[in-house]
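Step one of this worksheet: look at the structure below.
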Amino acid sequence: MRAEVAGKVWKIEARPGAALAAGQPILILESMKMEIPVAAPRAGRLRELRVAEGDALAEGELIAILE
């Protein structure tokens, strides 16, 4: 999964190994004083999270791997 907008990781909602439903939030980005949830595009297991709370992200940056 890649970041759709540039922003800062405000809060992590799911940890690696978690089983996720489609649409379930993985993390919350803060961009231009708005909170933007980043959700799983499909059901699966969160294999790897490539960011930590407080990280600044560029648009298109890899944030997570869902299997």
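Please treat every number below as a calculation from the coordinates, not as lab data. Remember, it's a predicted structure, so these values are computed and weren't measured experimentally. Note that we place each Cβ from the backbone using ideal geometry, even for glycine, and neighbour counts take in every protein chain shown.
Quick notes on this one:
- Amide hydrogen neighbours beyond the local backbone of Ala6, cut-off 5 Å, H modeled: Glu59
- Net charge of the neighbourhood of Gly17, taken over other residues with C-beta under 9 Å away and scored Lys/Arg +1, Asp/Glu -1, is +3.
- Distance in nm between pseudo-label sites at Met34 and Glu4 (7 Å out along the Cβ direction from Cα): 1.0 nm
- Relative contact order [Cα under 8 Å, 6+ residues apart], the chain, whole percent: 43 percent
- The alpha-carbon atoms of the chain, seen along their principal axes, cover 30, 18, 18 angstrom, with the largest extent given first.
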